[in-house]
Amino acid sequence: MEVIERSDVMQQKAEELRLAGKVLGFVPTMGFFHEGHLELMRVARKHCDVVMISIFVNPMQFGPKEDLAAYPRDLEGDLEKARQVGVDIAFVPTVDQMYAEGFESRVSVEKVTKHLCGLSRPTHFDGVTTVVAKLFNITKPHLAVFGQKDYQQLTVISRMVRDLNMDLHILGVPTYREPDGLAMSSRNSYLNKEERKSALCIKKSMDLAREMAGKGEARSAVIRKALEDLIRSHPYTQIDYIHLCDPVTLEDVETLKGETLLALAVRVGKTRLIDNCVLGKG
Ligand code: AMP
């Protein structure tokens, strides 16, 4: 596996591979790999000749009071895991490589960024779209793979790619979970033993919502109240949001019709966890 730190070197390498007729797959990450990340790489491996990843904790997508400095990092461990799943190129830029002196541009998606996480993290998605657009320009992929765990991020990036005629395909991969159902996340490493137990309320509340919807309950407010009660009965939890919304526009729905996205953000101790599922699928 080749490890590249410089943007210009990565860009030139990608261009050479394209000219050689290779199909390039790309998985952008912030590192501290778990099986969810590795699954995205395996999917890219299946579809592409060359698999590229990036590891970059992007300062632009963290708010001033968020966990940028504390964000878990393990570059050597990550590179070893990536090697084992057959990644060809790891792009690991420094902050200076990505945001050189005088940087002042921004890519912004207007509407789908305003809901869900956008309500409490108003600058987050501009940071995501800006860095992902830059990474696409540097790595020139034919296919980029993202996790459905970050459903809104996947929606925002798909919107950006369509709106700006970016010449690549976006593929979403289902959420990879721990055996007890907790969605894998680098931030799970912040949880102590008691908080880890409480964090299961997120999966339990999605199961409850599925059960209620399956029995014919279509009122969002009734489902949301039941989920709030369930989550609040677990210690250390604080609900950031529970939304039942349109899976395309992310606008809230009062009544479930067809497919409805259930998206949650819950703080467990100081750790903010997100998860989602689509109700009424199939
Ligand atoms: P991150 O390093 O957290 O920015 O995530 C990098 C990529 O991995 C994003 O596309 C995430 O959606 C994806 N990802 C994170 N957790 C999971 C998971 N549990 N299952 C599948 N994909 C995930």
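The values are calculated or read from the model by the stated rules, or taken from the named source; none is laboratory data. These numbers come from a predicted model, not from an experiment. Counting neighbours? That spans all protein chains shown, and the Cβs are built from the backbone with ideal geometry, glycine included. The accessibility values were calculated without ligands, DNA or RNA, using every heavy atom of the protein model including side chains. Shrake-Rupley method; radii C 1.70, N 1.55, O 1.52, S 1.80 Å.
Observations
- Cross-chain or 6+ apart pairs with Cβ under 6 Å, the stretch 173-194 first and open to solvent by 70 Å² or more (accessible area, probe 1.4 Å), then among the acidic types (Asp, Glu) and more than 7 Å from the ligand (Cβ to nearest atom): 176/35
- Applying the criterion of being in contact (Cβ under 8 Å) with a residue 12 or more places away in the chain and among the basic types (Lys, Arg) to the residues of the stretch 64-90, the residue that is least open to solvent (accessible area, probe 1.4 Å) is 81.
- For the criterion of being among the hydroxyl-bearing types (Ser, Thr, Tyr) and away from the ligand (no atom under 16 Å from the Cβ), residue 108 passes.
- Residue in the stretch 119-133 that is in a helix (DSSP H, G or I) and more than 13 Å from residue 58 (Cα to Cα) present: yes
- Test result for residue 61, within 13 Å of the ligand (Cβ to nearest atom) and at pLDDT 95 or above: yes
Residues checked against (1) assigned to a helix (DSSP H, G or I); (2) surrounded by fewer than 16 Cβ atoms within 10 Å (Cβ to Cβ):
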position	(1), (2)
207	yes, yes
212	yes, no
225	yes, yes
257	no, yes
262	no, no
265	no, no
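- The criterion of being in contact with an Asp or Glu (Cβ under 9 Å, 6 or more places away or on another chain), open to solvent by 80 Å² or more (accessible area, probe 1.4 Å) and touching a residue at least 40 places away in the same chain (Cβ under 8 Å) holds for residue 119.
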